[in-house]
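Have a look at the structure below, then the notes.
The values are calculated or read from the model by the stated rules, or taken from the named source; none is laboratory data. It should be emphasised that the depicted structure is a prediction, and the values quoted were computed from it without experimental measurement. Cβ placement follows ideal geometry from the backbone for every residue including glycine, while neighbour counts extend to all protein chains displayed.
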């Protein structure tokens, strides 16, 4: 690929800056909140599912994040790691090395941001929760956003500096004037720097995160699917929901998401069925019928293509520590 001229490079940087500004202006921080958490090994946790985008920050300990959407992936998290993750996607946060059986994953203990955590804890975390449907959907499609002092040193430093501001503002203090505003501003600092890390690592001003923010029609279509995932969806129907022509919708969707609309919806439907099998303990046959497959065998084949294991094997891996992360 030819090198960019100085003018082209400058234009790319300007586009990136405009894109970051678009995100900052478009994100609504009302309702954002932070809490602390701690744990002892072995750890086997989940963040609460829903229309949330989470900022997961590791202050102490070593953990592994395992996800199944948009692609099966495991990320090892050391102290200083920062991850943005959607509450719409099944995920698990657990010990890297474990022995024996473990109970089904549960939620994190929530400690108010104004309280200190026992210094003897093996794992110490800071979590931010943004109740934003748009951010949760964007984060769902592009997958977790991972930062560390090695991968994005400046952005990670700024985010941890924002975390220090939380400590200075809230630890040992009562309710003071303007604290809600400070929380929103700190959340903005975190989101903007996570966006900057994407732009820096990608090297240009366009890509999934920026596209998801700008493409309201595609977000509307995905939200409609999530509201009724078992309906009989087609590209034509999704395009109508998006207010776009079929061709324009299909082209923009593939450019932004990296898959065709129907490939993405098939995986999202399988992901939702995977979550249902785990939380409601339904049979493979029932899941196949709900998802619209002609037989349990067809469902198993589709599930295995997407996740690399059969539904029963996947459920076993999610319910016990043996083999976790072996994608």
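Is at least one residue of the stretch 280-287 closer than 30 Å to residue 216 by Cα, outside the structural domain of residue 42 (by TED's automatic domain parsing) and at pLDDT 85 or above? Within the stretch 280-287, none of the residues are closer than 30 Å to residue 216 by Cα, outside the structural domain of residue 42 (by TED's automatic domain parsing) and at pLDDT 85 or above. Looking across 34, 52, 56, 38, one residue alone is in contact with a strand residue (DSSP E or B) (Cβ under 9 Å, 6 or more places away or on another chain), over 20 Å from residue 184 (Cα atoms), crowded, with 19+ Cβ neighbours inside 10 Å and assigned by TED's automatic domain parsing to the domain that holds residue 132. It is 38. Taking residue 245, is it free of Cβ contacts under 8 Å to residues at least 12 places away in the same chain and within 30 Å of residue 47 (Cα to Cα)? Answer is no for this residue.
Taking residue 266 as the residue in question, decide whether it is under 28 Å from residue 105 (Cβ atoms), within 21 Å of the chain's Cα centre (by Cα) and at pLDDT 85 or above. It is true that residue 266 is under 28 Å from residue 105 (Cβ atoms), within 21 Å of the chain's Cα centre (by Cα) and at pLDDT 85 or above. Scanning the stretch 58-86 for residues that are at pLDDT 85 or above and either within 11 Å of the chain's Cα centre (by Cα) or under 13 Å from residue 45 (Cβ atoms) (or both) yields 58, 61, 63, 64, 65, 66, 77, 83, 84, 85, 86. Can you say whether residue 124 is modelled with pLDDT under 90, at negative phi and assigned by TED's automatic domain parsing to the domain that holds residue 198, as far as the supplied structure shows? So residue 124 fails the test. Among the residues making up the stretch 210-221, those that are crowded, with 21+ Cβ neighbours inside 10 Å and either over 19 Å from the mean Cα position of the chain (by Cα) or modelled with pLDDT of 80 or more (or both) are 218, 221. The residue of the stretch 23-57 that is nearest to residue 144 (Cα to Cα), among those that are in contact with a helix residue (DSSP H, G or I) (Cβ under 7 Å, 6 or more places away or on another chain), modelled with pLDDT under 85 and not in a loop (DSSP other than H, G, I, E, B), is 23.
With surrounded by 16 or more Cβ atoms within 10 Å (Cβ to Cβ) and under 20 Å from the mean Cα position of the chain (by Cα) as the only criterion, which of 123, 129 stands out? Reasoning before the result, please.
On the way: 123 fails: under 20 Å from the mean Cα position of the chain (by Cα).
When all the criteria are applied, what remains is 129.
Residue 19 meets the conditions (1) at pLDDT below 90; (2) in a loop (DSSP other than H, G, I, E, B) in every case but one. The failed one is (2). Evaluating residue 97 against the criteria (1) modelled with pLDDT under 85; (2) crowded, with 17+ Cβ neighbours inside 10 Å; (3) over 27 Å from residue 164 (Cβ atoms) leaves one unmet condition, (2).
Per-residue answers, yes or no, for (1) buried (at least 21 other Cβ atoms within 10 Å of the Cβ); (2) in a helix (DSSP H, G or I); (3) at pLDDT 85 or above:
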position: 135; (1), (2), (3): yes, yes, no
position: 141; (1), (2), (3): yes, yes, no
position: 150; (1), (2), (3): no, no, yes
position: 155; (1), (2), (3): yes, yes, yes
position: 160; (1), (2), (3): no, yes, yes
position: 165; (1), (2), (3): no, yes, yes
position: 169; (1), (2), (3): no, yes, no
position: 174; (1), (2), (3): no, no, no
position: 177; (1), (2), (3): no, no, no
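Could you check residue 259 against (1) surrounded by 17 or more Cβ atoms within 10 Å (Cβ to Cβ); (2) modelled with pLDDT under 85 and say which number it fails? The single condition residue 259 does not satisfy is (1).
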